[in-house]
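**Q** Here it is, the structure, as structure tokens.
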Amino acid sequence: MSFIVTHFNYLAVVVLMMIGLFVLFSTGNLIKRMIGLALFQTSTALFYISLGKVSGGTAAITMDADSAAGRALAASLDPAYVQQFGVEGVVYSNPLPHVLILTAIVVGVATLAVGLSIAVRIREAYGTVEAGEIEAVARVDAARVEPLSAGPLPTGFGA
């Protein structure tokens with residue numbers, strides 16, 4: 001039971017990821033598919049943020065180990081842990097995953113905005129956002145279009 005409690009964030013990541021994938025693959029509605037994609041992206045962001053957290057670590061801002069805050073932080077940790085993972089007596093969390101995820105959030109929002117705008121345009125063109133109905137309307141429209149007749153070539157083309 002303690003394993004589940006200590007790794008709850010990873011369990012939440014897996015649940016969110018599976019819900020997102022299920023919604024993405026199970027529905028034909030384009031809006032619902034984009035919501036599933038957003039859930040999947042959120043679960044990935046949560047996973048990377050979880051990897052960047054260090055037990056007992058502080059923000060990656062230089063802290064003097066001899067200051068009151070530095071001593072209080074070091075006192076709450078095992079000295080061997082601080083010796084192995086610390087930098088000059090202080091344990092820092094890795095800021096790189098947070099920076100990368102900030103960029104991924106911006107890209108995800110932009111992707112969602114473009115996807116929703118395309119869905120609006122598809123709704124205007126076909127009258128629906130269901131993939132099956134769009135395909136049926138496109139097939140009917142393609143059957144109505146007559147093939148081009150092979151008439152004479154315009155002047156200047158051919159022999």
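The values are calculated or read from the model by the stated rules, or taken from the named source; none is laboratory data. Since this is a predicted model, take the numbers as computed values, not measurements. Every residue, glycine among them, receives a Cβ derived from its backbone with ideal geometry; neighbour counts consider all protein chains shown.
**Q** Just checking, how many residues over segment 126-150 are of a type in the set (Ser, Thr, Tyr) and either in a helix (DSSP H, G or I) or surrounded by 14 or more Cβ atoms within 10 Å (Cβ to Cβ) (or both)? I'd like the intermediate steps shown before the answer.
**A** Start the filter on segment 126-150 by keeping residues that are of a type in the set (Ser, Thr, Tyr), which leaves 126, 128, 149.
This time we only want the ones that are either in a helix (DSSP H, G or I) or surrounded by 14 or more Cβ atoms within 10 Å (Cβ to Cβ) (or both), so: 126, 128.
Of the residues in segment 126-150, 2 are of a type in the set (Ser, Thr, Tyr) and either in a helix (DSSP H, G or I) or surrounded by 14 or more Cβ atoms within 10 Å (Cβ to Cβ) (or both).
**Q** Still on this structure: I'm trying to understand the selection: among the residues of segment 54-76, which are of a type in the set (A, V, I, L, M), at pLDDT below 70 and over 30 Å from GLY108 (Cβ atoms)?
**A** MET63, ALA65, LEU73, ALA74
**Q** Can I ask one more? Looking at segment 11-19, is at least one residue under 19 Å from ILE122 (Cβ atoms) and buried (at least 17 other Cβ atoms within 10 Å of the Cβ)?
**A** no
**Q** Follow-up. List the residue pairs whose Cβ atoms are under 6 Å apart, where the first residue sits in segment 110-125 and is in contact (Cβ under 8 Å) with a residue 60 or more places away in the chain and assigned to a helix (DSSP H, G or I), the second is surrounded by 11 or more Cβ atoms within 10 Å (Cβ to Cβ) and small (Gly, Ala, Ser), and the two are 6 or more positions apart or on different chains.
**A** Final answer for the pair search is LEU112/ALA38.
**Q** Which one is modelled with the lowest pLDDT among residues in segment 25-53 that are exposed (fewer than 15 other Cβ atoms within 10 Å of the Cβ) and part of a loop (DSSP other than H, G, I, E, B)?
**A** Across segment 25-53, the extreme among qualifying residues is LYS53.
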